[in-house]
Amino acid sequence: MDARATGPTPDSVLQTRLTALLGIRHPILLGGMHHLGTSGVVAAVVNAGAMGFITARSFESLDDYRADLRRCRTLTGGLPFGVNLTMSRREDYNRLVPDWIRIAFEEGVRLFESAGSSPEALVGPIHDGGGILVHKCPSVRHAVTAQRLGVDAVALVGLEEGGHPGANQLSAFVNGAFALERLDLPLVIGGGIGSGRQIAAALALGADGVVMGSRFMVASEIAAHDALKHRIVASDEHCSTTILGSLGDTWRVLANDSARAVQRLEAQGASDHAAFGDLILSSRTRQRVYQRGEVEAGIVSLGPAGGFADAIEPAGRIVARLVADARAACDALAGRRVGLPA
Ligand SMILES: Cc1cc2nc3c(=O)[nH]c(=O)nc-3n(C[C@H](O)[C@H](O)[C@H](O)COP(=O)(O)O)c2cc1C
């Protein structure tokens, strides 16, 4: 008998608790991206059937933030999209969080991704407004705590994550396998995922979806200079390195001159963030790398998944390729299962 007559259809195999929770076609989240996660790329992934989160912290004013939510609503024609709330360890940096949530609700947004610290203060306001909260964290223990605090889904990232994977030195798939033993909530895994076969592997593991970032750095809608995108397209799995681990603030970034300069300062004993001057400031990255295209001149969050990028292309095309490859990998697995002796 044809394997496909009895097995799941290619479409149903990608349907999970996450796609049901968020009302999306594909179990792929584009996580928050500081300075880059704005309406253009978020709308593009949403229109392609995945989910994206506008990064509230990226905006210079609340008016700019609100205007971008409105732009995204127009671009998506009313499809749901999300907002990323990146919490800081410094309380004074979190004073706008209640406004970010209020404005999101006022603009009809009800999906949120939180990251950075405990979601405790977010669950109440988001649920009171009828919202859904996916909390992103780097360790199984944090995931279990988030479940107890009442979040609706957990995104668990491994050490391969572009950005801030925390001090936990475990991979996405190790974290994910342990988390599945301890969580009842929909579980998303991320970090290092840049191909459809990895999405299929995440689903085979039992995860409900993936969260991605680095693979989308080359999307045409990402507001970064093409010089950076060409650099990432030309790179491979060794495109990233980590900095600031010596300060307990591990950051996975593009392996460029600025990252190497930071590593040298760490080796010389630099012991607080101030010791790195403006080298590690996000304003420097925005101006010199994202705007001017000086790819060596600032720190860029990036993980090895950037190595999968092979062209600058629309985000919707990246989603479509990922989904087609994930389906092919699921089909191959199903075919192999059917081929086993009884
Ligand atoms: C350039 C860049 C900026 C990011 N900025 C944020 C951010 O502001 N807030 C956040 O929660 N995650 C941020 N992330 C992490 C992503 O949302 C996502 O969790 C991560 O990229 C997944 O791992 P991957 O890069 O290996 O795909 C960023 C990632 C990248 C590549």
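The values are calculated or read from the model by the stated rules, or taken from the named source; none is laboratory data. On a predicted model such as this, the values are computed, not experimentally measured, just so you know. As a convention, Cβ positions derive from the backbone with ideal geometry for all residues, glycine included, and neighbour counts pool all protein chains shown. Surface accessibility is based on the protein's heavy atoms, side chains included, excluding ligands, DNA and RNA. Shrake-Rupley method; radii C 1.70, N 1.55, O 1.52, S 1.80 Å.
Miscellaneous remarks
- Sequence of TYR93, TYR290 from largest to smallest accessible area, 1.4 Å probe: TYR93, TYR290
- A straight chain from ASP257 to ASP64 at 0.36 nm per residue would run longer than the Cα-Cα distance by 66.2 nm.
- The chain, helix-only ellipticity at 222 nm - DSSP H runs n ≥ 4, -39,500 (n - 2.57), divided by all residues, nearest 500: -11000 deg cm²/dmol
- In the chain, Cα pairs under 8 Å separated by at least six residues give a relative contact order of 17 percent.
- Once the trypsin sites (Lys or Arg not before Pro) in DSSP loops with at most 14 neighbouring Cβ atoms within 10 Å are cut out of the chain, the longest remaining piece is 96-291.
- Radius 14 Å from Cβ of ASP325, net charge of other residues (Lys, Arg +1; Asp, Glu -1): +3
- Our note on the geometry: Cα centres of the range 140-173 and the range 43-75, 24 Å apart.
- Efficiency of FRET from Cβ geometry, ARG317 and LEU281, R₀ 30 Å, rounded to 0.05: 0.35
- For q = 0.12, 0.14, 0.15 Å⁻¹, Debye-computed log10 I/I(0) when each Cα of the range 112-233 counts as one equal scatterer: -0.46, -0.61, -0.69
- Length available on full extension from VAL174 to ALA234: 0.36 nm per residue minus the Cα-Cα distance, which gives 18.7 nm.
- Surface composition of the chain: carbon plus sulfur atoms contribute 52% of the solvent-accessible area (1.4 Å probe, protein chains only, all chains present).
- Computed log10 I(q)/I(0) for the chain at 0.06 Å⁻¹: -0.20, from the Debye equation with unit scatterers placed on every C-alpha and solvent omitted.
- Entry note, the range 30-97: relative contact order of 36 percent, from Cα contacts under 8 Å with a spacing of 6+ residues.
- Beta bridges per DSSP, both residues in the chain: antiparallel share near 15 percent.
- Estimated at 0.36 nm per residue, the fully extended path between ARG17 and ALA223 surpasses their Cα-Cα distance by 71.0 nm.
- Going by accessible surface with a 1.4 Å probe and the largest first, HIS34, HIS230 read HIS230, HIS34.
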